[in-house]
Amino acid sequence: MQALRENKGRTHEAPCFLRSEADLVEAIIHGAVKRVRPKAMTVAAAMLGLLPIMWSTGTGADLMKRIAAPMVGGLVTSFAMELLVYPAIYFLWRRKEARSGLSEVSGASPRSGSVGSATLARSS
């Protein structure tokens, strides 16, 4: 999830880059899309390495199949969790912060200059 914040944070001004739920959803999708290829390649390489063990019939094959089968299941589960479940959990967790960030910003965005002019008026 750190990748979600870092990648999305570079395109917006700090410190409050999650101005709405749409920004949060965009950040989550962007982060998940960037993780598809590395995760798919890792899982595919590991599965290709485990397939000969699953199909073997030689000495000790029954023992190795018992070891390899949970590893294949774990790879599939890990792939699904990282690309489907974790982003959804992250959305639910950060949605409250995105909503409260909206109420804190409420019209006085750093881009509009209204905060800076108000600060200058007070200091004069």
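The values are calculated or read from the model by the stated rules, or taken from the named source; none is laboratory data. Just so we're clear, the structure is a prediction, and the values are computed from it rather than from any experiment. Here Cβ is always computed from backbone atoms with ideal geometry, including for glycine, and neighbour counts include all displayed protein chains.
Scanning the range 22-67 for residues that are under 28 Å from residue 93 (Cβ atoms) and of a type in the set (Lys, Arg) yields 34, 35, 37, 39. Taken as a whole, the range 106-113 holds no residue that is over 22 Å from residue 41 (Cα atoms), part of a helix (DSSP H, G or I) and either of a type outside the set (D, E, K, R) or modelled with pLDDT under 90 (or both).
Candidates are the residues of the range 14-38 that are over 12 Å from the mean Cα position of the chain (by Cα) and basic (Lys, Arg); the one that is farthest from residue 76 (Cα to Cα) is 19.
What about residue 22, is it outside any helix (DSSP H, G or I), loosely packed, with under 13 Cβ neighbours inside 10 Å and modelled with pLDDT under 95? Here the answer is no, as residue 22 does not meet what is asked. Quick check on residue 92: is it within 22 Å of residue 34 (Cα to Cα), modelled with pLDDT of 55 or more and either basic (Lys, Arg) or assigned to a helix (DSSP H, G or I) (or both)? Taking the combined requirement at face value, the residue satisfies it.
Candidates are the residues of the range 70-92 that are surrounded by 14 or more Cβ atoms within 10 Å (Cβ to Cβ) and within 16 Å of the chain's Cα centre (by Cα); the one that is nearest to residue 43 (Cα to Cα) is 79.
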